[in-house]
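Since the structure comes first, as structure tokens, the remarks are kept for the end.
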Amino acid sequence: MIEKLIKKSVNQLSAYEPVEQGEGIRLDSNENTLVPYLLNQKIAAALLKLNVNRYPDPNSSELIKLVAAKNRVGLDEAIIGSGSDQLIGMILNAFINEGDRIVTQAPTFSMYKISNQIMGGETVEVDMGSSFSFDYYSFIKVVKQVQPKVVFLTNPNNPTGGIIPREQIIKIIEHSNGIVVVDEAYYEFYGTTAADLIHYYPNLIVLRTLSKAYGLAGARIGYAIASKQLISTLKKVKPPYNISSLDQTAAKICLENQELFNGAINEIIEQRKSLMDGLNEIPEVESFESYGNFILLRVDSAEKLYEYLKDRRIFVRYYEGEGLLKNCIRVTVGTATENQGFMEVVRRYFGLQK
Ligand code: PMP
């Protein structure tokens, strides 16, 4: 009986079930393993002072102040979400009716399509081809043809690691009659943003997260910056107390202590280069240039390499199935020790090391 009541679009979905990992080297979720120890201490001290019997600030006002100052936008041009995942859901909730269309590149972050499906929307994907580079001409053609309500650009893109040049982002915004979302989850590892463009384009939303560079994946904090009109629209669909006081506190400490992260971010960028150099020395591995804290690679029979790594308790992301990501594995850039551990096992797999 319940089966018949469920929305058709929801019935067709499978629940998000991450692979169970356990102890080992975890390079599967693009988290930050270089979180400064001092930060955890500061968060713990601040949490001791919290009164959790009270509801949290529904607008996360303290956080908004920090986010607005950091990005040079007004207090009414930012909103906080429980991870950028929630903001993606809120954007689609505000704009997508059944049958409405969104355009994304493919492959890309899966949540755009999943959240859109829940809304009953249709996702038109622009295939990047096997080189995994952004195909601007095909993309703009599709945007003009489809006239989507929402366009998602992921910059840098997950899982391919590539970027979209700023001039192309501007052209896409200018050719869109709908909303353009630029998801900058990995901004800190790239350094170029479209955030300043919100002052010129009222249909632009820039998404950021504290889950990656700021090592706060467990607290679930993302934010959007956009025109006043777009932010006030998103506020209408925001669940009332969407960020717990514990998470607001942790995020505040993170944003107030930016200097603690600069070293870690630079270290990850350096480690990304060493990891790439190591991978490039293996002829059987094809790797893709990355501006994120991860690298996508393609090998013959990727599942075998994935299982080999897993048996040695090194966890990476493997894309099952026959799609565009066939035979691809995504590895998060970890600490020097983690990356060395990963490379040793990969070299052993290919018979390059005992
Ligand atoms: N956008 C992109 C491109 C991502 O890769 C991720 C996480 N994998 C997210 C958004 C969601 O991040 P969170 O919900 O943790 O902020």
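Here are a few things to note about the model shown:
- Selection status of residue 241, surrounded by fewer than 16 Cβ atoms within 10 Å (Cβ to Cβ) and either of a type in the set (S, T, N, Q) or in the same structural domain as residue 71 (by TED's automatic domain parsing) (or both): yes
- The set of residues in the stretch 134-154 being in contact (Cβ under 8 Å) with a residue 12 or more places away in the chain and either loosely packed, with under 15 Cβ neighbours inside 10 Å or among the aromatic types (Phe, Trp, Tyr) (or both) consists of 134, 136, 138, 139, 144, 147, 152.
- Annotation note: Cβ proximity below 8 Å between a residue of the stretch 286-302 that is outside the structural domain of residue 210 (by TED's automatic domain parsing) and closer than 16 Å to residue 349 by Cα and a residue that is of a type in the set (Gly, Ala, Ser) and part of a strand (DSSP E or B) (sequence gap 6+ or interchain) occurs for 297/287; 298/287.
- Hits in the stretch 329-340 (condition: surrounded by 18 or more Cβ atoms within 10 Å (Cβ to Cβ) and in a helix (DSSP H, G or I)): 338, 339
- Screening residue 198 with (1) within 16 Å of the ligand (Cβ to nearest atom); (2) at pLDDT 95 or above; (3) under 21 Å from residue 154 (Cβ atoms); (4) crowded, with 21+ Cβ neighbours inside 10 Å gives one miss only, at (1).
- Residue match in the stretch 57-65 (condition: assigned by TED's automatic domain parsing to the domain that holds residue 310 and away from the ligand (no atom under 15 Å from the Cβ)): no
- Verdict on residue 73 being away from the ligand (no atom under 15 Å from the Cβ), buried (at least 20 other Cβ atoms within 10 Å of the Cβ) and farther than 30 Å from residue 295 by Cα: yes
- Scanning the stretch 180-225 for residues that are hydroxyl-bearing (Ser, Thr, Tyr) and closer than 20 Å to residue 265 by Cβ turns up 186, 187, 190, 192, 193, 209, 211, 214, 223.
- Among residues of the stretch 66-79, those that are in a helix (DSSP H, G or I) and either without any contact (Cβ under 8 Å) to a residue 40 or more places away in the chain or touching a strand residue (DSSP E or B) at 6+ places or on another chain (Cβ under 9 Å) (or both), counted: 6
- Within the stretch 212-230, the set of residues being buried (at least 22 other Cβ atoms within 10 Å of the Cβ) and either closer than 11 Å to residue 198 by Cβ or more than 16 Å from the ligand (Cβ to nearest atom) (or both) comprises 224, 225, 226, 230.
- Odd one out for residue 128, checked against (1) within 21 Å of residue 323 (Cβ to Cβ); (2) surrounded by fewer than 16 Cβ atoms within 10 Å (Cβ to Cβ); (3) not β-branched (Val, Ile, Thr): (2)
The values are calculated or read from the model by the stated rules, or taken from the named source; none is laboratory data. Predicted model, so just to flag it, every value in this text is computed and none were measured. Every residue, glycine among them, receives a Cβ derived from its backbone with ideal geometry; neighbour counts consider all protein chains shown.
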